[in-house]
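Shown next, in structure tokens, is the structure this report addresses.
Every read-out reported here was derived from the displayed coordinates using simple, explicitly stated rules and does not represent laboratory data. What you are looking at is a predicted structure, and each value in this text was computed from that prediction instead of being measured. Because the Cβ atoms are built from the backbone with ideal geometry, glycine has one as well, and the counts that use them run over all protein chains shown.
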Amino acid sequence: MIQLTDLHKTFNKGQPNQVHAISGVNLTIASGEYVIIVGSNGSGKSTLLNLVSGSILPTSGIISIDGTNVTKLAEYNRSKWIARVFQNPLSGTAPDLSILDNFRLAALRTKPKGFGIGVTEAFKKQVKEKISLLNMGLENKTEQLMGTLSGGQRQALTLLMSVMDDCKILLLDEPSAALDPRSAQVVMQTADTLIKDFNLTAILVTHNLKDAFTYGNRIIQMSEGVVLHDLSSEKKAALSQNDLFEWFS
Ligand SMILES: Nc1ncnc2c1ncn2[C@@H]1O[C@H](COP(=O)(O)OP(=O)(O)OP(=O)(O)O)[C@@H](O)[C@H]1O
């Protein structure tokens, strides 16, 4: 469970360019919930994800994960709970390493410093089994350099790597925005399947209202740093795509 209590984030406090990016957000996200966050440019969506991941710290308020107060915990120390996928497919992987070596690096992410993982036959088998879940035929190309794959293939592998190490929370920051429509659909469906299969708590930030409508079991609209709408599963199911467009009119 993720709990945000009276969360505030002000950038450039006391300066002429001061911005209240988050202004008193209270949210409780249950385990297994898949929350979609929409909102206009500058409404605070990415800042909220940054606060949850620990890449920035709040000005005030409390963030807790599974009952542990993580408000002041650095991003590195939250990584055992949290995985994050960004818009740019290049940001989640090392292009000059093979698919297999990328998985080896990912497996080391949450291990203590100095811990090593060799590419054993057992590890290779485990990686191939996982990759075959994507149905992209990439399980037979694990020696191929990551940089030679398409953006969609890389993003799907990034998603898979990010959930392989027992993380509980997946933060998706417009993961398909840089992809062509077909690849975007594959990545969104892959995310949906992995969230269900691994029973993850997930937050997706998106500008794509079709995705917002299709995926997730809760939808939130941010506006000027506050939560404007918050619809639970039943209400989201009753929402039409037109209703969603109306939120932005
Ligand atoms: N590091 C920063 N320093 C100063 N201001 C910032 C910083 N990060 C975000 N902001 C400001 O905080 C506000 C919220 O930004 P944020 O990126 O969270 O919005 P967003 O809803 O994700 O927007 P978009 O949809 O355009 O990505 C904006 O006014 C933005 O300019």
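Observations
- Only beta bridges with both residues in the chain are counted; by DSSP, about 55 percent of them are antiparallel.
- Difference of contour (0.36 nm per residue) and Cα-Cα distance, S23 to Q144: 38.9 nm
- Across region 180-186, rounded Karplus estimates of 3J(HN,Hα) from the backbone phi angles (6.51 cos²θ - 1.76 cosθ + 1.60, θ = phi - 60°) give 5, x, 5, 5, 4, 5, 4 Hz, Gly and Pro being marked x.
- For S23, distant residues with modelled amide H under 5 Å away: K9, V226
- Helical contribution to [θ] at 222 nm, DSSP H n ≥ 4, -39,500 (n - 2.57), averaged over the chain, rounded to 500: -9500 deg cm²/dmol
- For region 36-96, pairs of C-alpha atoms spaced more than 13 angstrom apart make up 68 percent of the total.
- Each label point was placed 7 Å from the Cα along the Cα-to-Cβ direction; for L90 and H229 their separation is 3.6 nm.
- Coordinate range along principal axes, alpha carbons of region 38-168, Å, largest first: 49, 36, 24
- Helix 121-132 and the longest principal axis of the C-alpha atoms of the chain enclose an angle of approximately 50°.
- Between D180 and N69, the modelled label-to-label distance comes to 5.2 nm, taking each label 7 Å out from Cα in the direction of the beta carbon.
- Amide proton proximity set for S98, modelled H, under 5 Å, gap of 5+: M146
- Here the extension length gained between I62 and F123 equals 18.1 nm, from 0.36 nm per residue of separation less the Cα-Cα distance.
- Shown in residue order for region 76-90 are the 3J(HN,Hα) couplings computed by the Karplus curve 6.51 cos²θ - 1.76 cosθ + 1.60 at θ = phi - 60°: 4, 7, 8, 5, 5, 9, 10, 10, 9, 10, 9, 4, 7, x, 6 Hz (x for Gly and Pro).
- Other-chain or far-sequence residues with amide H under 5 Å of S223's (modelled H): L228
- Helix 99-108 axis, angle to the chain major axis (alpha carbon atoms, nearest 10°): 60
- Cα pair distances of the chain binned at 10 Å [whole percent]: 7, 30, 34, 21, 7, 1
- Linear extension gain, A30 paired with N199, 0.36 nm per residue minus alpha-carbon span: 59.7 nm
- With a Förster radius of 35 Å applied to the C-beta separation of N242 and L105, the computed FRET efficiency comes to 0.20.
- Ignoring aspartates and glutamates fewer than eight residues from K141 along the same chain, the ones with Cα atoms less than 19 angstrom from its Cα are D96, D101, E121, E129.
- Helix 151-163 and the longest principal axis of the C-alpha atoms of the chain enclose an angle of approximately 80°.
- Using only side-chain charges placed at the Cβ, +1 for Lys and Arg and -1 for Asp and Glu, the dipole size of region 28-112 relative to its Cα centre rounds to 160 debye.
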